[in-house]
Amino acid sequence: MATVQATSRGSLKAKRATPRIAPDRLVDITVQAGVIVVLCLAWEFGARVGAINPFLLPSLSDVLARIWADAMSGTVFVDLGLTLYRTLAGFLIAAALGIPIGVLMARSATVRWFFDPLISVGFPMPKIAFLPIFILWFDIYDTSKIIMVTFSCFFPIVAATYAGTTGQDKWPIWSARALGAREHEILWEVRLPLALPQILTGLQVALPVGMITTIVTEMLMGGRGVGGSMIMAGRFADSVGVFAGIVEIVFLGFAVVRSLEMLRARLLVWHPEARK
Amino acid sequence: MPRAGTGTGGINMLLDISRGALRYSPIAILLIVWELLGATGLISRQMLPGLGEIFGELVAAVVSGDLLYNCARSLMRAGSGLLCAVVVGIVAGLLMASFRPLRLLINPIVQIFYPMPKSALIPVVMIWLGLGDASKILLIFLGCLLPVVVGTYNGARGINPFMIWSARSLGASKLEVIHEIVLPGAMPEILNGVRTALAFSFILMVSSEFLIATDGVGYMISSLGDGGIYPAMFAVIFFVAGIGFLADRIYAAFARRQLAWREA
Amino acid sequence: MTTVAMAADARHEAADRARTGIHIDNVTHSYGARASGRGVVALNRICLDIADGEFHALLGPSGCGKSTLLYLIGGFLPIQEGAIVTTNGPVTQPGPDRAIVFQNFALFPWKTVKQNVLYGLRKQGLKGEDAEERARDYINLVHLSGFEDAYPSQLSGGMQQRAAIARTLAVDPKTLLMDEPFGALDAQTRRVMQEELRAIWGRSRKTVVFVTHDVQEAVFLADRISIMSSRPGRIEHVIDVSLPRDRGEDTLEDREFIHLSEQIWRLVREQAVAATRGR
């Protein structure tokens, strides 16, 4: 069946760890931090010296000055807050719908019969193409943006949850039964924890997709947010504004994705992947 | 799967068809609900055009050549961006996995830009390259690059080191090992990364055409929507969704063939 | 039988160590940050001469560095201290004169059995019908005819290991390095493979360095056994196996075999107990 492509396969490691001289992590970190500093300097002085056309790439200091000014007036926080709100709202609704449906698909033949074809057809479609339909139905305000984000995030979450809750190892479940657990206890205490790595992978796939979608909806429908401000700046040929938006969105994306990674590390301390 | 003889072929085909019909009946149910909502007037025809009308518009758009032309334009952009991303991404990923200095050089850039939502680059490429094809191809290239790099890198790093040692002891040079062992060994993850990139290429193609284009399917959808010609807009949207679905199916079949060795 | 005479010859030739065989001279190896002194010493001042045509087993508890020593001979790990010299000169990098068979086979899963065997032959510059014929010969030798076009994933563990052995033997290495090659196999398959390996070795007169932690396997296969201790890895005893060159099922009931196995088991047990206490 083509429904579900599990993204996380257990990585096939060699039986024995490679005997290799452990790289000095401190050197690694220093060099990589150095690369970032050099890139920032090259950006700053490349623009200043005139090696780069300042319209195509305004200098880092100009961009940071713009962000500072916008932070003073508060617009940065409004934009970042709105973008974050739309992303997370859509994402969380998708998770609240997608995880139970994925679990039910694995547990009930009827639910599976109904959702399996919808997921297998919907999963690979470019959902963003449906955006004008949502605009038509729900107008251009937050409702339609959040629904669009939910729609985009829903499929990877359901698919991953379903993949994680079907085909589970039977030994832990039989062990729990032998120890006297009832079915609903097994669901919460065995099946969901076993599926958690895959569910989290699904969420980790969905969240960036949700952000991409949020940015596009903001660019297309306006209503502020980082995407809205960036497309406005672009239309007015305000390249400093565009790059200020890029810097903001790099930070936001990094923070959001890293938070989810940290959540994963916390929730999966028991998992072999935590030992690295 | 056992091939049925000619005698039972007809029956088996009927069985296959009815099994397929049962499998996809939920989609039919949704379409019927769609029709009923419109027919009973619960939702206005403006919001939810009849399926017959949408199909008629689809046929008309195909026959006039309009849809196919715009589709070809879009796919040309997505295809060239994706192709460049695949080539550059695989090379970069392999180099990163094989040479520590390059890893230290490229890794921080990947770490910073990987989580960035790539659609934010739309105004950037607009400033850099204007409204023509080049800006959209660059956008799709940049958006598809990192999934390929990261997939290739993880695949190459995850290879059983004893496989590399075996090749070395059979007389392969270090460069030969990269091409003959690391590349095929990383192929499962490379193909996964390219699949993600394929999905991104469609997302970025459509959204960039919504915003900065004068042709392509995305432009068609948004201009039909702006003009209030909703049945035609629905037709093009479903067409684009279908193309995206098909592209993924074709790619999945291709990937399965590449990985035939994995199936016992 | 002439093979017995050849075995005697091989041992006499061992006297002529300056030219042939493998010479391990004062090799020390540590893992981890050596400079900061936090590293683990895996091998400490190892000296060992392995004669041309000898079947030598490295025996010891896990963690004693026997695989590390093998990887050093193979040229997979850089030699930090000391030297290893073979007939082809000092070891600096891997080469087809010292081909290796690993415990987890390390077959290329995207190549069929034949393509795996051909890979090494192509690297030796052998092309076309010559290469095909030689691949066929070695696939026959390990009793895999009929499975030439199977992918590794379609074979059992024993068959995969036979394919890996064929791939390694096909390049006709002077020295055959084996890293617990039968460790992942079930007991029955293992026994059959041991007999086959011994028979193949009897015909090919290669030098074999065989890493194992199975005492009976070592005694059954080897001419000489190095018993290693752990932390830091050292060679504690080198024992001559005075069994007939032709070994088969009856060997297992041979009084000498049983006696030697018990004696060596006691020596290995000492090391294992010491290693466990040491932790």
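About the Cα centre, and with charges only on the beta carbon of Lys, Arg (+1) and Asp, Glu (-1), how big is the dipole of the protein assembly as shown? Nearest 20 debye, please. Show your work: numbers first, answer last.
Values: 76 positive and 67 negative charges, 199 e Å.
The calculation lands at about 960 debye.
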Neighbouring partner chain Cβ atoms per residue of C:102-113, average, 10 Å criterion: 6
Bins of 5 Å from zero: percent of alpha-carbon pairs in region B:28-160: 2, 9, 12, 13, 11, 10, 10, 10, 9, 7, 5, 3, 1, 0
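List A:Ile157, B:Ile229, C:Ile22 from most exposed to least, where exposure is judged by having the fewest other Cβ atoms within 10 Å.
Values: A:Ile157 27, B:Ile229 15, C:Ile22 24.
So the ranking, lowest neighbour count to highest, is B:Ile229, C:Ile22, A:Ile157.
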For the pair C:Ala199 and A:Leu187, the simple spin-label estimate (label points 7 Å beyond Cα toward Cβ) gives in nm 6.0 nm
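Other chains' Cβ within 10 Å of A:35-42 residues: what's the mean? Can you show the working numbers first?
Values: counts 6, 4, 1, 2, 3, 0, 0, 0.
Mean shielding by partner chains, rounded to a whole number: 2.
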Listed by chain and number, the aspartates and glutamates with an alpha carbon less than 12 angstrom from that of A:Lys145, same-chain partners under 8 positions apart left out, are A:Glu218
At 15 Å minimum axial length over the Cα atoms and a Kyte-Doolittle cut of -0.5, report the qualifying DSSP H helices in chain C, or say none. C:2-13, C:113-123, C:157-170, C:255-278
Relative contact order for region A:61-274, counting Cα pairs under 8 Å that sit 6 or more residues apart, in percent: 27 percent
Rounding to the nearest 20 debye, state how big the charge dipole of region A:61-274 is about its Cα centre with +1 on each Lys and Arg Cβ and -1 on each Asp and Glu Cβ. 500 debye
Over the Cα atoms of region C:114-230, how large are the radius of gyration and the largest Cα-Cα distance (Dmax), in Å? 14.7, 49
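Working from the alpha-carbon coordinates of the protein assembly as shown, get Rg over Rh, Rh being the Kirkwood radius.
Numbers: Rg = 32.3 Å, Rh = 30.9 Å.
My calculation puts Rg/Rh at 1.05.
Suppose only helical runs count, i.e. DSSP H with n ≥ 4. What mean residue ellipticity at 222 nm does that imply for the protein assembly as shown under -39500 (n - 2.57) per run, divided by all residues and rounded to the nearest 500 deg cm²/dmol?
Numbers: 30 runs with 518 residues, N = 819.
Taken over the protein assembly as shown, the calculation gives -21500 deg cm²/dmol.
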Check the straight Cα-Cα distances from B:Lys136 and name the aspartates and glutamates below 18 Å, setting aside those fewer than 8 residues away within the same chain. B:Glu209, B:Asp215
Centre separation in Å (Cα based) which lies between region C:80-152 and region B:55-79: 54 Å
Over every pair of different alpha-carbon atoms in region B:58-262, take the mean of 1/r and invert it; report that Kirkwood radius in Å. 18.5 Å
Could you sort the peptides B:106-115, C:56-65, B:17-26, A:78-87 by per-residue average Cβ neighbour count (10 Å cutoff), highest mean leading? C:56-65, A:78-87, B:106-115, B:17-26
Of the residues A:Gly222, A:Leu41, A:Ala237, the Cα lying farthest along the dipole of chain A towards its positive end, which is defined by charges on the beta carbon of Lys, Arg, Asp and Glu, belongs to A:Leu41
Please name which of B:Ala247, B:Val91, B:Gly227 has its Cα lying farthest along the dipole of chain B towards the positive end, using unit charges on Cβ (Lys, Arg +1; Asp, Glu -1) and the Cα centre as origin. B:Val91
Between region C:207-240 and region B:179-216, the Cα center-to-center distance that results, in Å: 53 Å
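For C:Glu217, A:Glu185, what ranking results if the residue with the fewest other Cβ atoms within 10 Å of its Cβ goes first? Each step should come with its number before you reach the end.
Details: C:Glu217 22, A:Glu185 12.
Listed from fewest to most nearby Cβ atoms, that is A:Glu185, C:Glu217.
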Based on alpha-carbon centroids, what's the gap between region A:85-126 and region B:87-111 in Å, whole number please? 35 Å
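In the structure shown, do any of A:Lys127/A:Lys170; A:Lys127/C:Lys111; C:Lys114/C:Lys174; A:Lys170/B:Lys118 have a Cα-Cα gap over 29 Å, and if so which? Numbers along the way, then the final one.
Numbers: A:Lys127/A:Lys170 36 Å; A:Lys127/C:Lys111 39 Å; C:Lys114/C:Lys174 22 Å; A:Lys170/B:Lys118 41 Å.
In this structure, A:Lys127/A:Lys170; A:Lys127/C:Lys111; A:Lys170/B:Lys118 lie more than 29 Å apart at Cα.
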Per the 1/(1 + (r/R0)^6) rule, R0 = 30 Å and r from the Cβ atoms of B:Ser64 and B:Tyr114, FRET efficiency to 0.05 is 0.10
Order by protection proxy (mean Cβ within 10 Å, highest first), peptides C:41-54, B:139-152, C:220-233: B:139-152, C:220-233, C:41-54
From the convex hull of the Cα coordinates of region A:61-274, what is the mean projected area in square nanometres? 14.3 nm²
Net charge near A:Ile101 (other residues with Cβ under 12 Å of its Cβ; Lys, Arg +1; Asp, Glu -1) is +1
Dipole magnitude (debye, nearest 20) for region B:58-262, charges at Cβ of Lys, Arg, Asp, Glu: 760 debye
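Read-outs throughout are calculated quantities, based only on the coordinates presented, and are distinct from any laboratory measurement. All figures in this text were calculated on a predicted structure; none of them were measured in a lab. Neighbour counts are summed over all protein chains in view; Cβ atoms, including those assigned to glycine, are modelled from backbone coordinates with ideal geometry.
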